[in-house]
Amino acid sequence: MLSLSVFTIAAQAAGFEHVARLADKGFVVSAQARLLDSGEVLGAINPAQSLSPASVTKLYTAAASLDRWGPQHRFTTRFVSTGTLDGNGVLRGDLVLEGGGDPALTSEELWRLIQKLRELGVSSVDGQLVVSQWRFGPVTCITTDRCETQTEGTNAYAALLSSAAINYGSWCATVMPGIVGQPARVTSCDTVAPTIRIENDVATVAAGGSAKLYARRITDSQGDTLRVSGQIPAGSYPRPVYKASSDPADQTGQTLLSLLRQSGITVSGGYAVSRQAPPSTAQPLAAVEGKPLQELLLRTLNYSNNFMADTLALDLTSGTQQNLSDAGRELERFAAGLPGHSAVTLRSGSGLTPENRVSAQSVNALLGAMYGRASLFPTFVAGMQVPTNGPMHFIRRGSQTFQDHVMIKTGTLNEPVTVRAIAGYFRTESGRWGSFAVLVNGTGSTPYLSWRETLPMVSDDLTAMIERH
């Protein structure tokens, strides 16, 4: 005879029979799926158990941002100064860029800002260009990846944070083929003349060959250097490479100073970075608004952009020089106000912090609450991917029913343990809405778990639910 505990586990796993197999391999699972109109639970495995959600955390950041500001909110970046503009177009005093925490501030917006300065008649600055990151920055790193980025940049996903960062806290270089047998050409993506030192060891090979590019950013006493090596075939299209900078505000200073000079505005004193707010006597000179929040969330969620998510979470805080733990507390407060939501632990808005803990039941409470916000739900769900046509190809797995009927956010961590998390909405065959969350965490003794293995299990279980209702 089976024990009561075995009957209980079997009952909990009802609806998630395939996902339950991961528990047999030693993985810890929290899963729940339900219909949003009736609240009927279609499947569950340990739904109240808190586990690491990895980038599923970004759903909390998106929801809290929409709740605070609404879809049309735009972040503003300004030029201010305590100096005066004389009749010859000389600004006598420092030109201060006041970072407004725009998570998608790019060189394009800086060009627009400079154009507004030119429209005022500014032709030169008799003083310094000062980049003010008074709201937050440099933000203390609390994950291994981000701490390593301070000395070496091997990726873009662990970019450092600042309220005055541009280009997602990363340097970009464009590699173009040259003459066969000669070095390729490497230029900046953002400025005519590169603002970062570039060491080019990319060879141009014959047409039809394969492109193999390797890049890393190193930092020494002179600043950042981007080392690019490998090969690119003649006649091929230019290829960008991205690597996180060692200091986002300093990157802004270098880039902006170069752009000012290219526009014809000279700055006599170079640039400096400040953590101080501009004095109250500073007068606004020019301002540029970024993209509306609804567009920011598309990129944040679709591409799981850690830099954007953590910047948005920091924007939710009040005061100055806030850190990720302060941002996490804002997200926890937001979650605490959701009906049916249990206590959570959130140490970042991106999920890059492995200490984040939520349960599948709580994620469903979040999804249900946003489904009920008629003015916010369209923007919220638009940021999720439909596997059949989403930008991330690795999610195009499972049945066609699954790929066509779900809207999802995934989360992935490999250290210190494996995390494969997926959550979102589904539409049943009869048109009803449902929500689901599946959180899978490994232990020190479990094997590596790929999405190739995980997604078909989730797909099989969700497909059955979708087709039955």
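At 1.4 Å probe size, with the rest of the protein present, what percent of the exposed accessible area of the chain is carbon and sulfur atoms?
The computed percentage sits at 50.
Using only the Cα atoms of the chain, each taken as one equal point scatterer with no solvent, compute I(q) by the Debye sum, divide by I(0), and report log10 of the ratio at q = 0.06, 0.08, 0.11 Å⁻¹.
-0.31, -0.54, -0.93
Restricting to segment 171-278, what percent of DSSP beta bridges are antiparallel, rounded to 5?
The antiparallel proportion sits near 70 percent.
Averaging sequence separations of C-alpha pairs under 8 Å and six or more residues apart, then dividing by the length of segment 319-402, give the relative contact order as a whole percent.
With pairs under 8 Å counted, the relative contact order is 19 percent.
Can you give me the angle between helix 107-119 and the longest principal axis of the chain, using Cα atoms only, in degrees from 0 to 90, rounded to the nearest 10?
Helix 107-119 sits roughly 40 degrees off the main axis of the chain.
Heavy atoms only, 1.4 Å probe, whole protein assembly: order T174, T77 by accessible area, highest first.
These residues rank, largest area first, as T174, T77.
Compute the angle between helix 4-13 and the longest alpha-carbon principal axis of the chain, please, reported from 0 to 90 degrees and rounded to the nearest 10.
50
With viscosity set to 1.002 mPa s and temperature to 20 °C, compute the Stokes-Einstein D of segment 119-213, Rh being the Kirkwood radius across alpha carbon pairs; µm²/s, no decimals.
Translational diffusion coefficient: 128 µm²/s.
Got the relative contact order for the chain handy, in percent, Cα pairs under 8 Å and 6 or more residues apart?
Value for the chain: 23 percent.
Just tell me the longest site-free run in the chain, where the sites are GluC sites (Glu not before Pro) in a DSSP loop having at most 14 other beta-carbon atoms within 10 Å.
In the chain, the maximal stretch lacking such sites is 41-354.
Net charge around A244, counting only other residues with Cβ within less than 9 Å of its Cβ (Lys, Arg = +1; Asp, Glu = -1)?
Computed value for this residue: +3.
As a test question: what accessible area, to the nearest 10 Å², does R261 have when a 1.4 Å probe is rolled over all protein chains in place?
140
The values are calculated or read from the model by the stated rules, or taken from the named source; none is laboratory data. Predicted model only: the values in this text are computed from it and were never measured. Virtual Cβ from ideal backbone geometry, glycine too; neighbours counted across all protein chains shown. In case anyone asks, the SASA skips ligands and DNA or RNA and just uses the protein heavy atoms, side chains included. Shrake-Rupley method; radii C 1.70, N 1.55, O 1.52, S 1.80 Å.
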